[in-house]
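Worksheet: one structure, shown below.
Only the coordinates and a few stated rules stand behind these numbers; no lab work does. Computed from a predicted model, the values in this text were never measured in an experiment. Neighbour counts are summed over all protein chains in view; Cβ atoms, including those assigned to glycine, are modelled from backbone coordinates with ideal geometry.
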Ligand code: CAA
């Protein structure tokens, strides 16, 4: 599938989705958001892809929503633009497939929000994170106030958003915004190694676990435990559960088949 502002490659059941607008540091204009939505839908339907790595071309992951496009928006247009970005990012979050953000450089504003809509974040030592919107006269608009607060707690989220501070990858790891920080040259291999481990497991189990964590973290613990019970139960109706447990008993590696 061809896109104006993105590329998709497939390697060993891993989809590599690259935002490719490096002249504007991969800033998210309407075209990038539309391409991203179509790419996420195509990946969801593609039986050759189990796990996705999302990264940026050049020195930025994504330097935010496109300021040039937003500059002259009125209140209605701003709201609609924000709602569309949220809608696209929510598709990533709700995708049945795990997304790993390989954060190669600037992840600011909408770029930090995009990384946060992924399931796991691995960062290069060169990456920088921040929500600098209040310095532009706006708030975060692609759900940054919500996802950052959920990831790092309301106190740290308020500090980052109110000060517009840009933080290093090491600081981002310290506060729980990223899972790991690696040398720039090791970034893609680290993300791929993580993706390969996921690919080797039972895909339905991985997808059920993603759903349980996502849905459970948005509700009370009693309801969340029922969600887990239901999905745990459903696993026992799969071929992969029989195979996984039989392989354990027979002391051999499992061969999972469900995609
Ligand atoms: N929107 C539009 N264009 C952008 C952009 C953005 N968010 N970020 C960078 N660019 C463009 C620059 O205008 C520049 O274009 P020209 O070459 O045509 O002048 C090009 O990308 C390269 O950028 P710089 O020359 O500024 O590169 P730098 O290395 O000197 O600085 C930077 C890098 C610190 C990331 C700086 O570009 C910057 O501060 N960018 C804006 C970051 C930002 O404020 N992001 C939040 C946007 S608001 C948002 O995201 C709202 C939301 O929540 C939905």
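Rounded, prolate or oblate: pick one for segment 88-128, where a ≥ b ≥ c are the square roots of the eigenvalues of its C-alpha gyration tensor, a/c under 1.5 means rounded, and failing that, prolate if a/b is larger than b/c, else oblate. It is oblate, given that a/c is not under 1.5 and a/b is not larger than b/c. With a ≥ b ≥ c taken as the square roots of the eigenvalues of the C-alpha gyration tensor of segment 18-157, please select rounded if a/c is under 1.5 and otherwise prolate if a/b is larger than b/c or oblate if it is not? Rounded shape, in that the Cα axes give a/c under 1.5.
Distance from the alpha carbon centroid of segment 31-48 to that of segment 180-256 works out to 22 angstrom.
Rank 205, 217, 95 by mean-square fluctuation in a GNM of the chain with C-alpha springs under 10 angstrom and give only the top-ranked residue. Answer for the Gaussian network model of the chain: 217.
Paramagnetic label reach from residue 237 (point 7 Å along Cα→Cβ; backbone nitrogen cut-off under 11 Å): within segment 192-213, no residues.
Listed highest first by mean packing, meaning other Cβ atoms within 10 Å per residue, what order do 228-234, 160-166 come in?
Descending packing order for the listed peptides: 160-166, 228-234.
Placing a label point 7 Å from the Cα of residue 185 along the Cα-to-Cβ direction, the residues of segment 119-159 whose backbone N falls under 20 Å from that point are 123-127.
Restricting attention to the chain, close to 30% of DSSP beta bridges with both partner residues there are antiparallel.
Determine the gain in length on full extension of the stretch residue 72-residue 48; use 0.36 nm per residue of separation and subtract their C-alpha separation, reporting nm with one decimal. Write out the running numbers ahead of the final one.
Working: separation 24, 0.36 × 24 = 8.64 nm, distance 4.20 nm.
Result for the pair: 4.4 nm of gain on full extension.
The overall shape of segment 122-217 is oblate: from the C-alpha gyration tensor, with semi-axes ordered a ≥ b ≥ c, the ratio a/c is 1.5 or greater and a/b is no larger than b/c.
Estimated from helical segments only, the mean residue ellipticity of the chain at 222 nm is -15000 deg cm²/dmol, where each DSSP H run of four or more residues counts as -39500 (n - 2.57). Against the compact-protein benchmark of 2.2 N^0.38 Å, the Cα-based radius of gyration of the chain scales to 1.04.
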